[in-house]
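Student: Here it is, the structure, as structure tokens.
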Amino acid sequence: KAGVTQTPRYLIKTRGQQVTLSCSPISGHRSVSWYQQTPGQGLQFLFEYFSETQRNKGNFPGRFSGRQFSNSRSEMNVSTLELGDSALYLCASSLSSAYYNEQFFGPGTRLTVL
Amino acid sequence: AQKVTQAQTEISVVEKEDVTLDCVYETRDTTYYLFWYKQPPSGELVFLIRRNSFDEQNEISGRYSWNFQKSTSSFNFTITASQVVDSAVYFCALSEARSRKLIFGQGTTLQVKP
């Protein structure tokens, strides 16, 4: 069974630009969550999608948005990039939106904002 | 509010030593799950174990063991006879039934030297 895939793996952008990251969950998984990982803040929850609906959201500004497609693939978008958005963005998938499900993580997208 | 604290930022041991990684959590929910994840240098988080709030039985899996104590709100992880391949960042995480967000601790970097 193929794991969670994320594209691209590395991205370099400049301040003010926008970026779209993509995540393909494990086949059969319908929930996709996104996390931001930085050395200072650690791993922080961004949002979760299930059946194309955002089910949960972390404490991030509105510049961070996402969506999920009917095939469960998900994208997250960051508009008006800031230097502080430089991070590893991790996507995780699980069977459902239940709180007890283990999440399977992708390799991440390393975003650098110059 | 939910919170996970991993007080040990970095631990360094010599191969074959036993090592315990501490995890203390805070929650007002009575129904929750605790998780441990491993993040090797490649960056992809790997699920290790989950434990629900009603099951305080200790768990052993090979060289890994987990001790869950609700009385002290702790979910500690012990590696017996550590190996170089155990070198990684280890994260403890909490998921409440109410919030359904997976909240991570800051992580403990374990270095196992040959």
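Student: Amide H of A:ARG55: which non-local residues (sequence gap of 5 or more, or other chain) have their own amide H closer than 5 Å, using H built in the peptide plane?
Tutor: Close amide H contacts, sequence-distant or interchain: A:GLU48, A:TYR49, A:PHE50.
Student: Between the chain alone and the structure with every protein chain in place, find the residues of the range A:83-99 that drop at least 50 Å² of accessible area; heavy atoms, 1.4 Å probe.
Tutor: Buried by 50 Å² or more upon assembly, which counts only protein chains, are A:TYR99.
Student: Among A:PHE60, A:PHE47, A:PHE104, which one shows the highest mean-square fluctuation when chain A is modelled as a Gaussian network with alpha-carbon springs under 10 Å?
Tutor: A:PHE60
Student: For the protein assembly as shown, max minus min Cα coordinate along each principal axis, in Å, sorted largest first?
Tutor: The Cα atoms of the protein assembly as shown stretch 48, 39, 35 Å along their principal axes.
Student: Hey, any idea what % of the protein assembly as shown's accessible area is carbon plus sulfur with a 1.4 Å probe?
Tutor: On the protein assembly as shown, the fraction of accessible area on carbon and sulfur atoms equals 48 percent.
Student: Before we go on, tell me the buried accessible area for the A/B pair, both chains summed, 1.4 Å probe, in Å² to the nearest 100.
Tutor: 1900 Å²
Student: Could you compute how much accessible surface A:GLU52 exposes when probed at 1.4 Å, giving the result in Å² to the nearest 10?
Tutor: 110 Å²
Student: Follow-up question, since we're still on this one. Give the total of Lys-Lys pairs in the protein assembly as shown with Cα-Cα distances below 18 Å; include a pair only if its members are 8 or more places apart or on different chains.
Tutor: Final tally of qualifying lysine pairs is 6.
Student: Using θ = phi - 60° and the Karplus relation 6.51 cos²θ - 1.76 cosθ + 1.60, list the HN-Hα couplings for the range B:106-111 in order, rounded to whole Hz, with x at every Gly or Pro.
Tutor: 6, x, 10, 7, 9, 10
Student: Also, quick follow-up: Find which of B:VAL46, A:SER74, B:SER12 sits farthest along the positive direction of the dipole of the protein assembly as shown, computed with +1 on the beta-carbon of Lys and Arg, -1 on that of Asp and Glu, about the Cα centre.
Tutor: Toward the positive end, the furthest listed residue is A:SER74.
Student: Can you give the Rg to Rh ratio of chain B, both from alpha-carbon atoms, with Rh computed by the Kirkwood formula?
Tutor: 0.96
Student: Continuing with this model, one more query. Given H placed 1.01 Å from N in the peptide plane, which residues other than close sequence neighbours of B:ASP29 have an amide H under 5 Å from its amide H?
Tutor: none
Student: Also, quick follow-up: Name the residues of the range A:39-55 whose accessible area falls by at least 40 Å² when all protein chains are present instead of the chain alone, probe 1.4 Å?
Tutor: Residues passing the criterion (a loss of at least 40 Å², heavy atoms only) are A:LEU43, A:PHE45.
Student: What are the ³J(HN,Hα) values, in whole Hz, obtained from phi via the Karplus relation 6.51 cos²θ - 1.76 cosθ + 1.60 with θ = phi - 60°, for each residue of the range A:45-61 in sequence order, with x given for Gly and Pro?
Tutor: With coefficients 6.51, -1.76 and 1.60, one gets 6, 9, 6, 10, 10, 8, 6, 6, 10, 6, 9, 7, 9, x, 8, 10, x Hz.
Student: In square angstrom, what is the accessible area per residue of chain B with a 1.4 angstrom probe?
Tutor: 49 Å²
Student: Something else now. What are the ³J(HN,Hα) couplings of the range A:75-85, residue after residue, when phi is run through the Karplus curve with 6.51, -1.76, 1.60 and θ = phi - 60°? Round to Hz, x for glycine and proline.
Tutor: Once rounded to whole Hz, the list reads 10, 10, 10, 10, 9, 6, 4, 10, 4, x, 7.
Student: Let me ask something else about it. What distance in nm separates the simple spin-label points at A:LEU11 and B:THR78, each placed 7 Å from Cα in the Cβ direction?
Tutor: That separation, rounded to one decimal, is 4.4 nm.
Student: Also, quick follow-up: Per residue, how many Å² of accessible area does the range A:1-109 show with a 1.4 Å probe?
Tutor: It amounts to 45 Å² per residue over the range A:1-109.
Student: I've got another one for you. Express the relative contact order of chain B as a whole percentage, based on alpha carbon pairs under 8 Å and six or more residues apart in sequence.
Tutor: 38 percent
Student: Looking at the range B:83-103, which residues lose a minimum of 50 Å² of accessible area between their chain alone and all protein chains in place, measuring with a 1.4 Å probe and not counting ligands or nucleic acids?
Tutor: Residues of the range B:83-103 that lose at least 50 Å² of accessible area once the other chains are added: B:ARG100, B:LYS101, B:LEU102.
Student: As an exercise, take the mean of 1/r over every pair of distinct alpha carbons in the range A:28-95, invert it, and state the Kirkwood radius in angstroms.
Tutor: After inverting the pairwise mean of 1/r, the radius is 12.3 Å.
Student: Which value in nm describes the separation of the simple spin-label points at B:SER42 and B:GLU17, placed 7 Å from the Cα toward the beta carbon?
Tutor: According to this spin-label approximation, the distance is 2.7 nm.
Student: Quote the charge dipole size of chain A about the Cα centre in Debye, to the nearest 20; the model charges only the Cβ of Lys and Arg (+1) and of Asp and Glu (-1).
Tutor: Value, rounded to 20: 160 debye.
Student: Let me ask something else about it. At 0.36 nm per residue, and after removing the present C-alpha to C-alpha distance, how many nm does the segment from A:LEU95 to A:GLN41 gain when stretched out fully?
Tutor: 16.7 nm
The values are calculated or read from the model by the stated rules, or taken from the named source; none is laboratory data. From a predicted model like this one, the values you see are computed outputs, not experimental measurements. As a convention, Cβ positions derive from the backbone with ideal geometry for all residues, glycine included, and neighbour counts pool all protein chains shown. The accessibility values were calculated without ligands, DNA or RNA, using every heavy atom of the protein model including side chains. Shrake-Rupley method; radii C 1.70, N 1.55, O 1.52, S 1.80 Å.
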